[in-house]
Amino acid sequence: MKFNLDNLTRENIKKLTPYSSARNEYKGKSGIFLDANENSNNDLLYNRYPDPLQIKLKQKIASLKKLTPENILIGNGSDEAIDLLFRAFCEPVKDNVIICPPTYGMYEVIANINNINVIYVPLTPDDFQLDVKTILGSILNSTKLILLCCPNNPTGNGVKWNDIQTLLIKFKGIVVVDEAYIDFASYKSLISELKNYPNLVILQTLSKAWGLAALRLGLAIASPEIISVFNKIKSPYNISSLSQTLALKVLNDPKKIIKEIKKLTAARKKLSLAFLDFSFITKVYPSEANFVLVKTTNANKLYNYLAKNKIIIRNRSNIAMCEDCLRITVGTKEENKLLLTALNNYKS
Ligand SMILES: *Cc1c(COP(=O)(O)O)cnc(C)c1O
């Protein structure tokens with residue numbers, strides 16, 4: 001089936017005249033800026049509105065990821081990028097999206113906020129892979145997005161590229177692949193596939209491996225055509241100057257992050273092995289991320305015990321297919337040691 005971005009985009013978005021600032025219209029760099037009602041005293045550090053398109057930051061990200069700035073939308077966290085996907089392509093009440101639980105909770109929440117229907121096609125129970133046949137059978141004319149997460153949260157595994165590819169080929173809407181944890185994975189990002197699939201949107205974030213959760217910077221990576229739809233509807237100054245500047249600083253030293261990632265994946269391996277020794281942990285799921293999902297004999301009891309010891313983990317036990325499961329983030333060396341000590345002292 002052929003992908004047609006124009007057919008997919010909501011009518012009101014196609015017709016929209018986006019907000020345009022005087023500074024957008026004025027192409028020059030320097031001048032006396034009396035257009036935006038700021039406090040003109042340039043001794044104040046943050047008196048000017050930020051670059052609405054975050055060009056410097058995008059150039060940096062593009063060079064690191066072999067992209068062009070036109071392939072990138074920077075959102076106030078990935079959550080803004082997810083919200084833009086819904087607002088650009090899904091007509092409230094009428095349209096729907098496909099989600100494959102157990103997965104990241106925000107897809108469903110943002111769908112609900114935008115009043116978009118959700119079709120649930122669970123992952124396969126044993127290995128948390130895509131049930132491609134059922135997904136294809138569930139697609140309606142009103143299905144606009146299929147949201148996938150790879151590596152998946154909270155299960156930690158990756159879904160098979162062959163399956164994603166089948167969906168990219170057979171679905172005429174957009175396939176979103178959330179790669180929030182890709183830096184921890186043993187396989188590569190799908191960025192190199194963008195040129196082959198005009199209906200692919202990749203989500204990444206600076207909140208996890210890049211250590212910038214406090215700055216709120218999420219990325220949508222897609223064709224320039226899709227990105228320009230997002231640029232049309234995003235709020236003009238969605239990323240603060242402070243976030244742009246600080247992120248640039250961190251991205252200038254990728255070696256440091258690569259070292260961090262190696263440390264965290266080594267610690268993940270060590271923790272996963274250590275978890276196997278506890279009788280009350282009945283399964284340690286393989287992880288491609290910086291967290292580990294474990295099945296326990298009594299998740300609520302263990303969760304409460306750890307909380308009492310001031311160790312806070314994520315209780316996922318009330319999610320279908322994650323019964324009695326807990327999700328544990330890989331911490332620092334000291335934190336992991338304290339966790340293991342607490343687990344050693346636990347009486348199940
Ligand atoms: C943590 C996480 C994100 C990141 O969200 P931000 O809003 O960018 O901090 C995105 N997707 C998944 C699956 C996550 O677990």
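Read the figures in this text as sums done on the coordinates, not as results from a lab. Quick caveat: nothing in here was measured; it's all calculated off a predicted structure. No Cβ is skipped: glycine too gets one built from the backbone with ideal geometry, and neighbour counts run over all protein chains shown.
Give me the dipole magnitude in Debye, nearest 20, for the range 120-246 about the Cα centre, with unit charges on the beta carbon: positive for Lys and Arg, negative for Asp and Glu.
The calculation lands at about 420 debye.
State, as an integer percentage, the relative contact order of the chain based on alpha-carbon contacts under 8 Å between residues 6 or more apart.
For the chain, the relative contact order is 17 percent.
Of the DSSP beta bridges with both residues in the chain, give the percent that are antiparallel, rounding to the nearest 5.
50
Give the aspartates and glutamates reachable from residue 283 as a straight Cα distance under 19 Å; neighbours fewer than 8 places away on the same chain don't count.
Correct list for residue 283: 126, 127, 323, 324.
Ordered by packing density, taken as the mean number of other Cβ atoms within 10 Å over each peptide's residues, highest first, how do 2-8, 132-138 rank?
My ranking of the peptides, most packed first, is 132-138, 2-8.
Find the cysteines in the chain that fail to meet the 4.7 Å Cβ criterion with every other cysteine, and list them.
90, 100, 149, 150
Which order do the peptides 93-99, 188-194 come out in when sorted by mean C-beta neighbours inside 10 angstrom, highest first?
93-99, 188-194
Which pairs, out of 58/144; 15/58; 29/259; 195/295; 308/333; 144/270, put more than 32 Å between their alpha-carbon atoms?
29/259; 195/295; 144/270
Apply the a/c threshold of 1.5 to the C-alpha gyration tensor of the range 255-344 and tell me whether it is rounded, prolate or oblate.
Prolate, because a/c is 1.5 or more and a/b exceeds b/c.
If you wrap a convex hull around the alpha carbons of the chain, what volume per residue comes out, as a whole number of Å³?
158
If packing is taken as the average count of other Cβ atoms within 10 Å, what order do 159-166, 19-26 fall into, highest mean first?
159-166, 19-26
Which is farthest toward the positive dipole end of the chain among 290, 104, 341, measuring Cα position about the Cα centre, with Cβ charges +1 (Lys, Arg) and -1 (Asp, Glu)?
The residue sitting most towards the positive pole is 341.
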